[in-house]
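Okay, so here's the structure we're looking at.
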Amino acid sequence: MTIRVAAVGDIHMGPDSEGLLRPAFETLSDCADVLLLAGDLTRHGTPQEARVVAREVRDLPVPVVAVLGNHDHHDERPEEVTAILRDAGVSVLEGEATVVECAVGRLGIAGTKGFGGGFVGRSAGEFGEPVMKEFVRTTRRSADSLHAALKELDQRDCAARVALTHFSPVADTLAGEPPEIHPFLGSYLLAEAIDTAGADLAVHGHAHLGTEHGMTAGGVRVRNVAQPVIRRAFNVYRLGGD
């Protein structure tokens, strides 16, 4: 028996796309135990767009867990976006963990938006101008919160653990994106947090031209579930079992 994790990111919903994903989401009980949303749920992070997303996922047959993305921050009202989604029953994580009760065991999910900075050998350093140091510190704080959330799940009797982010923890899943923008698509600090704290799967979005499959240096499977990559309403990944 396995835990079935449905996931998608970068659905970028607005008023003209209302109802587009709902028919597929309503079939989730046939194929999944949980739905993970990997950020960029809206186009510009407005409350109006957030309400469209909320209607899309309200009262689904499986629990819904999400992180926000950079688009969801654009209007500088992420707290309002979060509140609207939570009112619809979505568990929105930012440096936090939650546990979903599945038929075959408990699934722990640790989530954070993440941030950029690049990957080993081509990464930004915490040096120089204050704005540059703050750029890297933002990623470090996000990675630290992801690590803490994953470690918290150690104490909660989980059959499996998933790291949910918007930005990528590895360069593997960015293949297809211009190398020049890799530092703005993710950070190796997220992968370090995942490897040192432990997880069974890492899910992210953000890289629309990227590749679905990757792996951390420690051997954790990474999946880019940005909708332009998977080209469907969601993908399903199985954890546990033989």
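Check A207, A160 and return the single one that is touching an Asp or Glu at 6+ places or on another chain (Cβ under 6 Å), open to solvent by less than 10 Å² (accessible area, probe 1.4 Å) and farther than 17 Å from G116 by Cα. Working first, answer last.
Numbers: A207 fails: farther than 17 Å from G116 by Cα.
Answer to the selection: A160.
For the range 76-84, state whether one or more residues are within 16 Å of the chain's Cα centre (by Cα), over 24 Å from C102 (Cβ atoms) and free of Cβ contacts under 8 Å to residues at least 24 places away in the same chain.
yes
For residues in the range 174-204 being free of Cβ contacts under 8 Å to residues at least 60 places away in the same chain and more than 24 Å from A148 (Cβ to Cβ), which is least open to solvent (accessible area, probe 1.4 Å)?
Looking at the filtered set, the residue picked out is L174.
Of the residues V99, V90, V136, V131, which is within 29 Å of Y237 (Cβ to Cβ), over 15 Å from the mean Cα position of the chain (by Cα) and among the aliphatic types (A, V, I, L, M)? Break it down stepwise before answering.
On the way: V90 fails: over 15 Å from the mean Cα position of the chain (by Cα); V136 fails: within 29 Å of Y237 (Cβ to Cβ); V131 fails: within 29 Å of Y237 (Cβ to Cβ).
None of the others qualify; the one that does is V99.
Could we say that F127 is over 18 Å from V203 (Cα atoms), open to solvent by 50 Å² or more (accessible area, probe 1.4 Å) and not charged (D, E, K, R) here? Even if it seems obvious, please write down each step before you answer.
Numbers: over 18 Å from V203 (Cα atoms): yes; open to solvent by 50 Å² or more (accessible area, probe 1.4 Å): yes; not charged (D, E, K, R): yes.
The answer is yes for F127.
Every residue in the range 25-61 that is among the polar types (S, T, N, Q) and under 17 Å from D75 (Cα atoms), please. Step through it out loud before you land on a result.
Within the range 25-61, the first condition is being among the polar types (S, T, N, Q), and the residues that meet it are 27, 29, 42, 46, 48.
Answer for the range 25-61, where residues must be among the polar types (S, T, N, Q) and under 17 Å from D75 (Cα atoms): T42, T46, Q48.
Any chance you could count how many residues in the range 218-242 are touching a residue at least 40 places away in the same chain (Cβ under 8 Å) and over 24 Å from A24 (Cβ atoms)?
Within the range 218-242, residues that are touching a residue at least 40 places away in the same chain (Cβ under 8 Å) and over 24 Å from A24 (Cβ atoms) number 3.
What number of residues within the range 210-219 satisfy the criterion of being within 15 Å of the chain's Cα centre (by Cα) and either surrounded by fewer than 18 Cβ atoms within 10 Å (Cβ to Cβ) or under 15 Å from L150 (Cβ atoms) (or both)?
Result for the range 210-219: 2.
In this structure, does A191 turn out to be out of contact with any Asp or Glu (no Cβ under 6 Å at 6 or more places or on another chain), of a type in the set (A, V, I, L, M, F, W, C) and closer than 27 Å to P63 by Cβ?
Details: out of contact with any Asp or Glu (no Cβ under 6 Å at 6 or more places or on another chain): yes; of a type in the set (A, V, I, L, M, F, W, C): yes; closer than 27 Å to P63 by Cβ: yes.
Yes, satisfied.
Which condition breaks for V229 when tested against (1) surrounded by 19 or more Cβ atoms within 10 Å (Cβ to Cβ); (2) at pLDDT below 95?
(2)
Scan the range 86-129 for residues that are aromatic (F, W, Y) and under 22 Å from L37 (Cβ atoms) and jot them down.
Residues of the range 86-129 aromatic (F, W, Y): 115, 119, 127.
The one that is aromatic (F, W, Y) and under 22 Å from L37 (Cβ atoms): F115.
Looking at the range 1-59, which of the residues that are polar (S, T, N, Q), within 19 Å of V81 (Cβ to Cβ) and not in a helix (DSSP H, G or I) is least open to solvent (accessible area, probe 1.4 Å)?
Taking the range 1-59 and keeping what is polar (S, T, N, Q), we get 2, 17, 27, 29, 42, 46, 48.
Then drop every residue that is not within 19 Å of V81 (Cβ to Cβ), which leaves 17, 42, 46, 48.
Retained after the next criterion (residues that are not in a helix (DSSP H, G or I)): 42, 46.
On the way: T42: 2, T46: 31 Å².
Among those residues, the one meeting the criterion is T42.
Charged (D, E, K, R), touching a Gly at 6+ places or on another chain (Cβ under 9 Å) and open to solvent by 10 Å² or more (accessible area, probe 1.4 Å): which single residue out of E94, E79 fits that description?
Numbers: E79 fails: touching a Gly at 6+ places or on another chain (Cβ under 9 Å).
Answer to the selection: E94.
Checking N70 against (1) surrounded by fewer than 19 Cβ atoms within 10 Å (Cβ to Cβ); (2) over 12 Å from the mean Cα position of the chain (by Cα); (3) not hydroxyl-bearing (S, T, Y), which test does it fail?
(2)
The values are calculated or read from the model by the stated rules, or taken from the named source; none is laboratory data. Predicted model only: the values in this text are computed from it and were never measured. For neighbour counting, all protein chains shown are included, and Cβ atoms are generated from backbone atoms with ideal geometry for every residue, glycine included. Quick note on the areas: whole protein, heavy atoms, side chains included, nothing else; ligands and nucleic acids left out. Shrake-Rupley method; radii C 1.70, N 1.55, O 1.52, S 1.80 Å.
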